[in-house]
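The values are calculated or read from the model by the stated rules, or taken from the named source; none is laboratory data. The structure displayed is predicted, hence computed values, not measured ones. All Cβ positions, glycine included, derive from the backbone under ideal geometry; neighbour counts span all protein chains shown. Keep in mind that these areas ignore ligands, DNA and RNA; they rest on the heavy atoms of the full protein, side chains included. Shrake-Rupley method; radii C 1.70, N 1.55, O 1.52, S 1.80 Å.
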Amino acid sequence: MFCFQCQEAAKGSGCTARGVCGKTDEVANLQDLLIYVLKGISIYNLEAKNLEIKNEEVDKFIMESLFATITNANFDKSVFVERIRKALALREEVKAQVLQAGGKIEENLHDAATWSAETVEDFEKKAKTVGVLSTENEDVRSLRELIIYGIKGMAAYAKHAYVLGYKEEAIFEFIQKALVATTDDSLSADALVALTMETGKFGVDVMALLDKANTTTYGNPEITKVNIGVRNNPGILISGHDLKDMEELLKQTEGTGVDVYTHSEMLPANYYPAFKKYDHFVGNYGNAWWKQDKEFESFNGPILMTTNCLIPPKDTYKDRVYTTSVVGFEGLKHIEVENGKKDFSEIIEHAKKCQPPVEIERGEIVGGFAHNAVLGVADKVVEAVKAGAIKKFFVMAGCDGRMKSRDYYTEFAKELPKDTVILTAGCAKYRYNKLDLGDIGGIPRVLDAGQCNDSYSLAVVALKLKEVFQLEDINELPIAYNIAWYEQKAVIVLLALLYLGVKNIHLGPTLPAFLSPNVAKVLVETFGIGGITDVENDINSFMA
Ligand code: FSO
Ligand code: SF4
């Protein structure tokens, strides 16, 4: 295996024998092969699209397969074997459709469009030859993978919108176009850079789509105090990003005597009017994903993982973890849609037999500062900026992770001058959302917009401020960007910000291993992207 898609890539260069995340060599290889066959399907499906043949099943399969390969989503070998089989079958179906419709299929098609096998042994053999390192030129490899990771994040967000009934053909088409582009040896580095920017454009589109899906279905997030303590009933802990699962779980647990708590990236569910109305929705338990090994244990009740980030479960609580959708791990119970619905009754019955959660914290945290809520108090914000009460905003969205070096973000938040405000989204917030950083004239100094995809809200706010202050360029605003990344959703968020013209983004705690020196140089020279140093130095340079 060779994998360098996340921030925790071994030695800052790539995981080889086994992933730092716990992904096995076998699973990593099969994920590579799945992506490879997706490229093959896309070669035919783009031609099918030209012929106006609609294949929603194919679009959905590609989207979900990409999502399943995201860091910490699925560790189950059998899932990838099955997906590869399905991919090969779908590829042949689309090919037959194209031929039947009189479409043109080029000679000398890429191997991804023609290779086939039936046995797991043959899959494994092939898998070893189609990974990241099969692209020899390191700059081409770097750009190809940057695009692939971007569309993985895009696919994840597209899937969340999709389950709520929102989709955009152009997004599916772009994902497939990008997959095919990574098989094209004739594309120059410049063409790949242009495609990277286009990935950012579709990143903005997919986040806007998801924002529309979430807010139309569940209302606009409201400024909310979220309880972080516990009650004395058995509970279910729900993690990940899927709001549809959240809704179903709340409905099905109502009146059962079982409470519901969010974990990690599900915290923002507490901000939505449609969920707040449930009395048995108690609040949030715990912190970011990487602390689950301790927090799932002390929670005592069952846990539902709706998306990443899952870490390989410990035996002490393994029997209480349930997965759904693209999440998977050998030996965990998996719940799928049946007759258009997910039945969580097994989890509910399980919860009834468990002890209530052990209290690990007490109190409240405040969030819900998505675009609608912030724009609602825009006058106050603008006034505070004009009066000099707020000197600068710091966008600190992104992800948390287990590296010790991430203490930097807690220190950074603590040391920021008191006339600054942090705008956050994603699980990065857990590094500072429980510090008492105070407020500026009633505006809290940490404004949490929501999940990582709600970084879109931060962009909407920035664009609005640009308009209010009548500025030409988004970079003239008093906003600095100090973003923490971990997995591929953060890649699409970053590309979206670059597409919107945001410059001088600082990315940490380390720069991606998949950026070759030359590609990193382009990002530095064109967009002013930089890493982080130490807190004092960075704050000084940001404030200068
Ligand atoms: Fe975090 Fe994990 Fe939301 Fe990511 S829980 S790290 S960027 O999946 O998606 O922020
Ligand atoms: Fe390593 Fe990250 Fe890949 Fe896991 S996802 S194998 S930790 S680079």
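Some values worked out for this structure:
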{"quantity": "I84 being in a helix (DSSP H, G or I) and either more than 16 Å from ligand 1 (Cβ to nearest atom) or surrounded by fewer than 24 Cβ atoms within 10 Å (Cβ to Cβ) (or both)", "calculated": "yes"}
{"quantity": "Selection count, segment 164-190, where residues are surrounded by 18 or more Cβ atoms within 10 Å (Cβ to Cβ), of a type in the set (A, V, I, L, M, F, W, C) and more than 28 Å from K521 (Cβ to Cβ)", "calculated": "3"}
{"quantity": "First in segment 5-28 and outside any loop (DSSP other than H, G, I, E, B) and at pLDDT 95 or above, second anywhere and within 16 Å of ligand 1 (Cβ to nearest atom) and open to solvent by 30 Å² or more (accessible area, probe 1.4 Å), Cβ under 6 Å, 6 or more apart", "calculated": "A10/V20; G12/T510"}
{"quantity": "All positions within segment 32-55 that are open to solvent by 10 Å² or more (accessible area, probe 1.4 Å) and either within 16 Å of ligand 2 (Cβ to nearest atom) or more than 30 Å from N108 (Cβ to Cβ) (or both)", "calculated": "D32, I35"}
{"quantity": "Failed criterion for F123 (all others in (1) more than 26 Å from the chain's Cα centre (by Cα); (2) open to solvent by 20 Å² or more (accessible area, probe 1.4 Å) hold)", "calculated": "(2)"}
{"quantity": "Yes/no for A496 being part of a helix (DSSP H, G or I), touching a Cys at 6+ places or on another chain (Cβ under 7 Å) and within 16 Å of ligand 1 (Cβ to nearest atom)", "calculated": "no"}
{"quantity": "Any hit, segment 237-246, residues being more than 19 Å from Q451 (Cβ to Cβ) and modelled with pLDDT of 95 or more", "calculated": "no"}
{"quantity": "Selection within segment 441-459 - buried (at least 20 other Cβ atoms within 10 Å of the Cβ) and of a type in the set (A, V, I, L, M)", "calculated": "V446, L447, A449, L458, A459"}
{"quantity": "Exclusive hit being away from ligand 2 (no atom under 16 Å from the Cβ) and in contact with a Gly (Cβ under 7 Å, 6 or more places away or on another chain), set L187, L195, L237", "calculated": "L237"}
{"quantity": "Residue check, Y278 within 16 Å of ligand 1 (Cβ to nearest atom) and either more than 23 Å from D407 (Cα to Cα) or touching a strand residue (DSSP E or B) at 6+ places or on another chain (Cβ under 6 Å) (or both)", "calculated": "no"}
{"quantity": "Subset of segment 5-42 (residues that are in contact with a strand residue (DSSP E or B) (Cβ under 7 Å, 6 or more places away or on another chain) and away from ligand 1 (no atom under 16 Å from the Cβ))", "calculated": "G14, C15, A28"}
{"quantity": "A480 vs. criteria among the small types (G, A, S), outside any loop (DSSP other than H, G, I, E, B), over 20 Å from A544 (Cβ atoms) and touching a helix residue (DSSP H, G or I) at 6+ places or on another chain (Cβ under 9 Å)", "calculated": "no"}
{"quantity": "Residue within segment 519-533 that is open to solvent by 20 Å² or more (accessible area, probe 1.4 Å), in a loop (DSSP other than H, G, I, E, B), among the acidic types (D, E) and at negative phi present", "calculated": "no"}
{"quantity": "Close pairs (8 angstrom Cβ cut-off, 6 or more residues apart or separate chains): open to solvent by less than 20 Å² (accessible area, probe 1.4 Å) in segment 418-440, within 16 Å of ligand 2 (Cβ to nearest atom) and modelled with pLDDT under 95 anywhere", "calculated": "none"}
{"quantity": "Residue in segment 273-293 that is open to solvent by 10 Å² or more (accessible area, probe 1.4 Å), assigned to a strand (DSSP E or B), in contact with a helix residue (DSSP H, G or I) (Cβ under 7 Å, 6 or more places away or on another chain) and within 23 Å of A213 (Cα to Cα) present", "calculated": "yes"}
{"quantity": "Failed item, numbered, when I492 is tested on (1) away from ligand 2 (no atom under 16 Å from the Cβ); (2) open to solvent by less than 10 Å² (accessible area, probe 1.4 Å)", "calculated": "(1)"}
{"quantity": "Criterion violated by G12 - all others in (1) over 23 Å from K77 (Cα atoms); (2) surrounded by fewer than 17 Cβ atoms within 10 Å (Cβ to Cβ); (3) touching an Asp or Glu at 6+ places or on another chain (Cβ under 9 Å) satisfied", "calculated": "(3)"}
{"quantity": "Residue satisfying condition, being acidic (D, E) and part of a loop (DSSP other than H, G, I, E, B), within set E173, E265, E222", "calculated": "E222"}
{"quantity": "Some residue of segment 499-511 being buried (at least 20 other Cβ atoms within 10 Å of the Cβ) and within 16 Å of ligand 1 (Cβ to nearest atom)", "calculated": "yes"}
{"quantity": "Any hit, segment 306-320, residues being in contact (Cβ under 8 Å) with a residue 40 or more places away in the chain and surrounded by fewer than 23 Cβ atoms within 10 Å (Cβ to Cβ)", "calculated": "yes"}
{"quantity": "Failed item, numbered, when L463 is tested on (1) more than 21 Å from S142 (Cβ to Cβ); (2) open to solvent by less than 50 Å² (accessible area, probe 1.4 Å)", "calculated": "(2)"}
{"quantity": "For D343: the one exception among (1) closer than 19 Å to E248 by Cβ; (2) within 24 Å of the chain's Cα centre (by Cα)", "calculated": "(2)"}
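Yes/no matrix, rows are residues, columns are (1) of a type in the set (V, I, T); (2) within 15 Å of the chain's Cα centre (by Cα); (3) buried (at least 20 other Cβ atoms within 10 Å of the Cβ):
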| site | (1), (2), (3) |
| --- | --- |
| G203 | no, yes, yes |
| Y218 | no, no, yes |
| P221 | no, no, yes |
| N227 | no, no, no |
| L237 | no, no, yes |
| L243 | no, yes, yes |
